[in-house]
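Reading through the structure tokens given below for one structure.
The values are calculated or read from the model by the stated rules, or taken from the named source; none is laboratory data. Everything quoted here is computed from the prediction, not taken from an experiment. Don't worry about glycine lacking a Cβ; one is built from the backbone with ideal geometry, like all the others, and counts go over all protein chains shown.
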Amino acid sequence: MTTCLKQSVAVALVSLIPLVLLAQPAWVKKRPVNPAHYTGIGVAQKVKGTTDHLQKAKDNALNDLASEITVTVSSELMRKVVETNAKIEEDFKSQIQTSAKAELEGVEWVDTYDGDGQYWVYCRISKEEYEKAKQRKIRNAMKLAADLFETARRNEQENNVARALTYYVQSLGPLEKYLGEPLETEVGGKKVILVNEVYSSLQNLVGQIELKSATAKQDAKVGMALKKPFEVNAVLSGAKSGPVTNLPLKFAFIRGSGEMVDNATTDNGGTAKCDIHKITATDRIQIIECKIYLAGMVPADSSSLVLRVILNSLSVPSTRMVLNVTGLEVYIEDDETQFGSKMKQPRIEPAIKNKLVEQGFAFTNDMANATVVINIKADSREGSDMSGLHVSYVDVTVSVLDMRNGQEIYKNTMNNVKGISDTYAKAAFKAFDDAAKQVLEGLIPKLVEKIQK
């Protein structure tokens, strides 16, 4: 072989080296299958001038690895919860996989591949090592949960009801990542499924609590606050009867609506009060319900939807207050004239009244009893006459006075509302009707908003 030929062959071989180095590895082309390992493959698009793809590919590989870890629901409690809400199973599995990613230990970073426009990462973890770590965490979680459970029992025996409920709820916290598994441990010298034991203890204790409404019924007005708060007393029934203090309660409209602070805690006498700042719905009969709020005992830093659903699945005592709701009383001063003469049958006043009735308002003939006074002033005048068609115009002013503070809360004027017909009188009626329509469409919604603000 000549010297020139040898050099050519050498150059050719060297030129092949980058192609060999850049060739896709087998794990990029086909996902590795290894019964002894969970595998994670992550890929990210490269962006010129940044190295963000390095971390993104790594995160995607960990997500992929975590998705391989099968989440099963084998506990009786979780199966029962899942039956009532299928979406919870998806949320639960997603939560566990997210948690698994955050707590993965012993991840082996096997390889990377820097391809054309993409960056790949391959990682894995031993199934045996993962299971050992998981069981160690479960043991630690169950020990903490069992200690909290025992503390709850002691408080229950000492009649510290709210503290007992709090510790029962808190004992579920360490177990929330493992609620899908049958967690058997020893409590009080006997083997128990801890989650089931906590759940039944919670149900048994809340079942002994009774909520009583101090006022079963109350009158109310739309747009106004209740004169008296919704007052509830919590008492423990049975041999250890007495008030239940520091108990979290939740208030909610189950019919109608209003503005209020919906959470409260019972005081030293077992009483909690809920102030209703304003009734916003126009329903004649409205109902507010008060229930024990166990989910309120979940630590604020816990975002476990599953844990909250489990607590909400418990049957808890409740009580209700019925509101007999009437609208704000309105007095209307109406001055509608046609060409300077008072109209026998006004056109705008009835339209306003009908609309306000729909909004839940009531009417009075005594201004002294009114909450709101509405003044309507409208007059028609003749316009032009062209080829037998007559034009009339109407000017309207509506003002609203809040009798609670004497302030004018609304005022608006419409001028030159036009009507056309074969006589001035008929044209005026059309103008009045058109003005009434504009009042309904424009003024009334704003008027209602101002009155109920």
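So, in the range 271-292, how many residues would count as being assigned to a loop (DSSP other than H, G, I, E, B) and either crowded, with 17+ Cβ neighbours inside 10 Å or free of Cβ contacts under 8 Å to residues at least 40 places away in the same chain (or both)? Result for the range 271-292: 1. Residues that are of a type in the set (S, T, N, Q) and surrounded by 16 or more Cβ atoms within 10 Å (Cβ to Cβ) do not occur anywhere in the range 401-411.
Looking only at the range 332-347, decide whether some residue is within 40 Å of the chain's Cα centre (by Cα), of a type in the set (Val, Ile, Thr) and not assigned by TED's automatic domain parsing to the domain that holds Gly296. No - not one qualifying residue is present in the range 332-347.
Being of a type in the set (Val, Ile, Thr) and surrounded by fewer than 19 Cβ atoms within 10 Å (Cβ to Cβ): is that true of Thr266 here? Judged against the criteria, Thr266 is not a match.
Scanning the range 111-138 for residues that are more than 17 Å from Glu68 (Cα to Cα), among the hydrophobic types (A, V, I, L, M, F, W, C) and in a strand (DSSP E or B) yields a single hit, Trp120.
Can you name every residue in the range 284-300 that is under 11 Å from Gly258 (Cα atoms) and either touching a Cys at 6+ places or on another chain (Cβ under 9 Å) or not hydrophobic (A, V, I, L, M, F, W, C) (or both)?
Gln286, Ile288
Among residues of the range 139-178 being of a type in the set (Asp, Glu) and surrounded by fewer than 20 Cβ atoms within 10 Å (Cβ to Cβ), the one that is farthest from Ser241 (Cα to Cα) is Asp147. Give the range 241-256 a look and list any residue that's surrounded by 14 or more Cβ atoms within 10 Å (Cβ to Cβ) and among the polar types (S, T, N, Q), or say none. Those that are surrounded by 14 or more Cβ atoms within 10 Å (Cβ to Cβ) and among the polar types (S, T, N, Q): Thr245, Asn246.
Can you confirm whether Val71 is at pLDDT below 90, surrounded by fewer than 19 Cβ atoms within 10 Å (Cβ to Cβ) and not in a helix (DSSP H, G or I)? So Val71 fits the description; yes. With the structure loaded, tell me whether Val198 is buried (at least 21 other Cβ atoms within 10 Å of the Cβ), assigned by TED's automatic domain parsing to the domain that holds Pro243 and either in contact with a His (Cβ under 9 Å, 6 or more places away or on another chain) or not aromatic (Phe, Trp, Tyr) (or both) or whether it fails that test. No: the conditions fail for Val198.
Check the range 79-94 and report whether any residue there is modelled with pLDDT of 90 or more, surrounded by 14 or more Cβ atoms within 10 Å (Cβ to Cβ) and either in contact with a Leu (Cβ under 6 Å, 6 or more places away or on another chain) or over 30 Å from Val195 (Cα atoms) (or both). Break it down into steps so the answer makes sense when it comes.
To start, the set of residues in the range 79-94 that are modelled with pLDDT of 90 or more comprises none.
Checked against the condition, which is being modelled with pLDDT of 90 or more, surrounded by 14 or more Cβ atoms within 10 Å (Cβ to Cβ) and either in contact with a Leu (Cβ under 6 Å, 6 or more places away or on another chain) or over 30 Å from Val195 (Cα atoms) (or both), the range 79-94 yields no hits at all.
Within the range 91-110, if we keep just the residues that are touching a strand residue (DSSP E or B) at 6+ places or on another chain (Cβ under 9 Å) and in a loop (DSSP other than H, G, I, E, B), the residue that is nearest to Val43 (Cα to Cα) turns out to be Val107.
Is one or more of the residues making up the range 299-319 over 30 Å from Gly180 (Cβ atoms), surrounded by 17 or more Cβ atoms within 10 Å (Cβ to Cβ) and assigned by TED's automatic domain parsing to the domain that holds Val232? Yes, the range 299-319 contains at least one residue that is over 30 Å from Gly180 (Cβ atoms), surrounded by 17 or more Cβ atoms within 10 Å (Cβ to Cβ) and assigned by TED's automatic domain parsing to the domain that holds Val232.
All conditions in (1) touching a Lys or Arg at 6+ places or on another chain (Cβ under 9 Å); (2) farther than 17 Å from Gly360 by Cα; (3) crowded, with 21+ Cβ neighbours inside 10 Å hold for Leu328, with the sole exception of (2).
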